[in-house]
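First up is the structure itself, then whatever we jot down about it.
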Amino acid sequence: MPVLKLNPAHFSLLLIMLFLLLPSQALYADENALSVSDTGGAIEQLKQLDLADLLEVDVTLDDVFDIFDALVQQQNVQVATGSKQSIARAPAVTSVISAQDIEATGARDIDEVLEMIPGFHVSRHSTAYNPIYSLRGIKTDFQVLMMVNDIPIDTLYTGGRNAVWGGMSVKQIARVEVIRGPGSAVHGADAFAGAINIITKNKNDIDGTRIGSRLGSYNMRDVWLEHGQKLGALDMGLVLEYQTTDGHDPLIRRDGQSALDQELAHYAIPALSFAPATANLQRKNLDMNLDLGWQYWKLRLGYQGHYDTALGINYNNILDPKSRFEDQRYRADLTYHNPLIADNWDVTTRLSYLDMQSKATENQIQTRPGFTVPVTTGQDFLNYPEGIIFNSGINERQMRLDVSAFYFGFEQHSLRMGAGYSYGQLYEITHETNIDPVTGMPVPLAAGLLNLSDTPYVFLPEEKRKSWYVFLQDHWKFYENWELTTGLRYDHYSDFGGTLNPRFALVWQPIPKLTAKLLYGHAFRAPSFVELYNQNNLIVQGNPNVKAETIDTTELALNYYVNDRLHLGVNIYTFNWQDALQFQFSPDLHKYIVQNNERRKGQGLELEARWKVGKRLSLLANYALQRITTKHINVTSTSQDAYLRADWLLMPKWYLNAQLNWVGSRERNPVDAREDLGAYTQIDLTLRYKDIRYNHWNLAFGIRNIFDEPVIEPSTISEFGEARLPDDLPMPGRNYFIELSYRF
């Protein structure tokens, strides 16, 4: 089994970090240290002190970033059951990342935040370098549900974030809650390998006004505004953030066109590939979030715009410097939550709306201009002078109504029940091309592109989906230090039928410091509209007869709080993944069609440790190992990753954060002839100036990939087993940023 290896530079840095752990009286708390549970509390305490007392205050690391206060035992998580519970006793394996964690590490995008989670790795797809969320070795983009404020934001079209996803900025985030493992009994479809719930900031999270800006490598610019105040009885929180970047310009030595050029060289057809060249990954993002609260009511409005997003590499794995996409999302939800509506009842009702619009703003050129292929229809060659152009637009809306209630009228029991309805629709599909859909012949651009929208030749019909669900969950404290959570949820879909998803969680706390959990869950992934309805494609075709993927997972988790400074955790799991959706070649259709034709089994181990070395130093580490066997080809693949984080209060106003991400070697698909992709180690540093005595200026300097490690993510292979990007996907080398903000 591969092991973690460090080069001399990495080893030297680790020695320095270990040296910091040597006993030092300055590291440990004393009676003059300020001790509060959150940054806001620290500031309020400081405001009560006069100047003489203020100068005597000894600020600790927790006062600024709340990194290890009570070693997360008192942190609450809602994503596991729908109610707030301590992480230690939650009936699931969960992780929480707070806004303080995000600030301390200097994370700039949700993808960087998620890399902190045990067993979670963000790989990349070639097109626009879209993120691929890999959790517990399940390495696709569709098996992890992403939510914002408990509302799914995954698309019906792809089942993931979108065909082109420009990322999500982090200034609007109050916390991120992650279930590692099945969550369909609580959250429904697509909470398969796990679920991510992004909770946005409200008035209390902001409490004032802050403006800031960040500049960095690759012409990265970022500005933001946060404002929170009380307007009479109304609580208002507002966050605006705008980002722009040219991208890191990865060098692509060979692409899909290079392979075509090689095949056509013996016809004396000139090579057309841009490679070797850099991929254009520029983009502009705008995020807005408004949170209004009044008594039992809460209204949230959100907007996410991705503009001028370059594909860089198109869907055929060909360098494409010109194609651009635009993606806009509008979110709205109105929630009524009354915990005192009647004796023993706590009721929540939520109405939500999500609208997503994406389109090509520059021609999507699938092959280079001048593309030529040999044919056998009476002429020697078929030439596409302008290349093959395929412009698409997808507009989608989703509406949901959810009602849930807790009932506490039974001794030692708390019941949660609920029901909901959702309606989703692809309400506008646009399709423009320069290829005649009947003859396959090119159409001159001078004649204009053919508009195939609302015709039988469109690539995807405007379909809709209706679904409803009911669920019941019981939390039973049946014996001293024993708790049992059982739940059952039924979902019914208009296009592929119903699915029943049970869960079981037994939690035992034999001593206050030790918690043991035995967990079982059944989850499902709904087929995407591409998998169901894709049409008029020469290579792949959807299948309206496929059913949902399912997974059964069993876990054993142990959490041990050695003392108030040290927390250890271990989790082992096994899963059985059935009816996995795959493209399978159909001899009758002479193309690949989606089928439920695969089974996989997996096992894994996750280790976690948190050590509050003293008032000025904290450490966090996790390690994950996964083994997955694909049944029909009887091949087992192993993957592993590790994360180490150190937070050090250098001086009362200066803080240093160091992160180490190690990703083990990546095994190729058995039909991929390339060698396995080697391991890499990336180390990031963030130095921050923050004076919580006055809480005005905040200054940070960051270096990512400080040793300029060659970080490579694997490229995929085609349906024919061909690696069209044989040298894979280079990630950013050493890069820098500087950040400055001011709080009024």
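So how many residues does the stretch 225-275 have that are touching a residue at least 24 places away in the same chain (Cβ under 8 Å), within 23 Å of Leu740 (Cβ to Cβ) and of a type in the set (A, V, I, L, M, F, W, C)? The total comes to 3.
Taken over the stretch 292-341, the residue count meeting the criterion of being assigned to a strand (DSSP E or B), of a type in the set (Phe, Trp, Tyr) and either on the phi > 0 side of the Ramachandran plot or modelled with pLDDT under 95 (or both) is 2. Of all residues in the stretch 465-492, those satisfying the criterion of being without any contact (Cβ under 8 Å) to a residue 40 or more places away in the chain and of a type outside the set (A, V, I, L, M) are Tyr479, Glu480, Asn481, Trp482, Thr486, Tyr490, His492. In the stretch 478-511, of all residues being aliphatic (A, V, I, L, M) and surrounded by 15 or more Cβ atoms within 10 Å (Cβ to Cβ), the one that is farthest from Lys464 (Cα to Cα) corresponds to Val507.
Could you look through the stretch 513-548, keep only residues that are hydroxyl-bearing (Ser, Thr, Tyr) and in contact (Cβ under 8 Å) with a residue 40 or more places away in the chain, and pick out the one that is farthest from Gln595 (Cα to Cα)? So the residue we want is Thr515.
Residues that are of a type in the set (Asp, Glu) and either without any contact (Cβ under 8 Å) to a residue 40 or more places away in the chain or assigned to a strand (DSSP E or B) (or both): does the stretch 201-223 have at least one? Within the stretch 201-223 (the criterion being of a type in the set (Asp, Glu) and either without any contact (Cβ under 8 Å) to a residue 40 or more places away in the chain or assigned to a strand (DSSP E or B) (or both)), the answer is yes, since at least one residue qualifies.
The residues on offer are Gln398, Gln364, Gln473, and the sole one that is buried (at least 19 other Cβ atoms within 10 Å of the Cβ) and in contact with a Leu (Cβ under 6 Å, 6 or more places away or on another chain) is Gln398. The set of residues from the stretch 685-719 being among the charged types (D, E, K, R), within 27 Å of the chain's Cα centre (by Cα) and farther than 21 Å from Phe737 by Cβ comprises Glu713, Glu719. The residues on offer are Gly418, Gly378, and the sole one that is more than 28 Å from Gln535 (Cβ to Cβ) and at pLDDT below 90 is Gly378. Inspection of the stretch 126-144 finds a residue satisfying the criterion of being farther than 27 Å from Asp552 by Cα and free of Cβ contacts under 8 Å to residues at least 60 places away in the same chain. Within the stretch 503-531, the set of residues being over 21 Å from Pro437 (Cβ atoms) and within 25 Å of the chain's Cα centre (by Cα) comprises Arg503, Leu519, Tyr520, Gly521, His522, Ala523, Phe524, Arg525, Ala526, Pro527, Ser528, Glu531. Among all residues of the stretch 344-358, there is at least one that is small (Gly, Ala, Ser), in a strand (DSSP E or B), buried (at least 18 other Cβ atoms within 10 Å of the Cβ) and under 35 Å from the mean Cα position of the chain (by Cα).
If only residues of the stretch 260-276 that are in contact with a strand residue (DSSP E or B) (Cβ under 6 Å, 6 or more places away or on another chain) and not aromatic (Phe, Trp, Tyr) are counted, the one that is surrounded by the most Cβ atoms within 10 Å (Cβ to Cβ) is Ala275. Scanning the stretch 653-680 for residues that are assigned to a loop (DSSP other than H, G, I, E, B), of a type outside the set (Gly, Ala, Ser) and either in contact with a Ser or Thr (Cβ under 7 Å, 6 or more places away or on another chain) or surrounded by 14 or more Cβ atoms within 10 Å (Cβ to Cβ) (or both) gives Lys653, Glu667, Arg668, Asn669, Asp672, Arg674, Asp676. What number of residues in the stretch 438-455 are assigned to a loop (DSSP other than H, G, I, E, B) and modelled with pLDDT of 90 or more? Total satisfying the criteria: 5. In the stretch 552-568, the qualifying residues are those that are closer than 16 Å to Ser618 by Cβ and not charged (D, E, K, R), and the one that is surrounded by the most Cβ atoms within 10 Å (Cβ to Cβ) is His567. Would the stretch 602-614 turn up any residue that is in contact with an Asp or Glu (Cβ under 9 Å, 6 or more places away or on another chain), part of a strand (DSSP E or B) and polar (S, T, N, Q)? For the stretch 602-614, residues in contact with an Asp or Glu (Cβ under 9 Å, 6 or more places away or on another chain), part of a strand (DSSP E or B) and polar (S, T, N, Q): absent. Taking the conditions exactly as written (crowded, with 23+ Cβ neighbours inside 10 Å and at pLDDT below 95), does Ala128 satisfy them or not? It is true that Ala128 is crowded, with 23+ Cβ neighbours inside 10 Å and at pLDDT below 95. Among the residues of the stretch 246-277, write down those that are more than 27 Å from the chain's Cα centre (by Cα) and assigned to a strand (DSSP E or B). Passing the criteria: only Ala277.
The sole residue among Gly166, Gly183 that is buried (at least 21 other Cβ atoms within 10 Å of the Cβ), at pLDDT below 95 and touching a Ser or Thr at 6+ places or on another chain (Cβ under 6 Å) is Gly166.
The rows are residues; the columns are (1) of a type in the set (D, E, K, R); (2) at pLDDT below 95.
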{"position": "Tyr643", "(1), (2)": "no, no"}
{"position": "Arg668", "(1), (2)": "yes, yes"}
{"position": "Val671", "(1), (2)": "no, yes"}
{"position": "Arg674", "(1), (2)": "yes, yes"}
{"position": "Thr686", "(1), (2)": "no, no"}
{"position": "Ser718", "(1), (2)": "no, yes"}
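Is it true that some residue in the stretch 226-245 is closer than 26 Å to Gln473 by Cα, in a strand (DSSP E or B) and modelled with pLDDT of 95 or more? No, the stretch 226-245 contains no residue that is closer than 26 Å to Gln473 by Cα, in a strand (DSSP E or B) and modelled with pLDDT of 95 or more. Collect the residues in the stretch 692-744 that are surrounded by fewer than 17 Cβ atoms within 10 Å (Cβ to Cβ) and among the small types (Gly, Ala, Ser), keeping them in residue-number order. The answer is Ser718, Gly721, Gly733.
For Ile394, the conditions (1) at pLDDT 95 or above; (2) closer than 30 Å to Thr485 by Cβ all hold with the exception of (2). Residues in the stretch 380-396 that are under 15 Å from Leu450 (Cβ atoms), more than 35 Å from the chain's Cα centre (by Cα) and not acidic (Asp, Glu): Tyr384 alone.
For the stretch 691-716, a residue qualifies if it is in contact with a helix residue (DSSP H, G or I) (Cβ under 6 Å, 6 or more places away or on another chain) and either among the small types (Gly, Ala, Ser) or at pLDDT below 95 (or both), and the qualifying residues are Ile692, Arg693, Asn695.
Val178 satisfies every condition listed in (1) among the hydrophobic types (A, V, I, L, M, F, W, C); (2) in contact with a Ser or Thr (Cβ under 8 Å, 6 or more places away or on another chain); (3) not in a strand (DSSP E or B) except (3). Part of a strand (DSSP E or B) and surrounded by fewer than 21 Cβ atoms within 10 Å (Cβ to Cβ), is that true of Ala646? Spelling it out, it is not the case that Ala646 is part of a strand (DSSP E or B) and surrounded by fewer than 21 Cβ atoms within 10 Å (Cβ to Cβ). Among the conditions (1) among the β-branched types (Val, Ile, Thr); (2) closer than 30 Å to Ala342 by Cα; (3) outside any strand (DSSP E or B), Val458 misses just one, which is (2).
The values are calculated or read from the model by the stated rules, or taken from the named source; none is laboratory data. The structure presented is a predicted model; accordingly, all values stated were derived computationally and were not measured. Methodologically, a virtual Cβ is constructed for each residue, glycine included, from the backbone with ideal geometry; neighbour enumeration extends over all protein chains shown.
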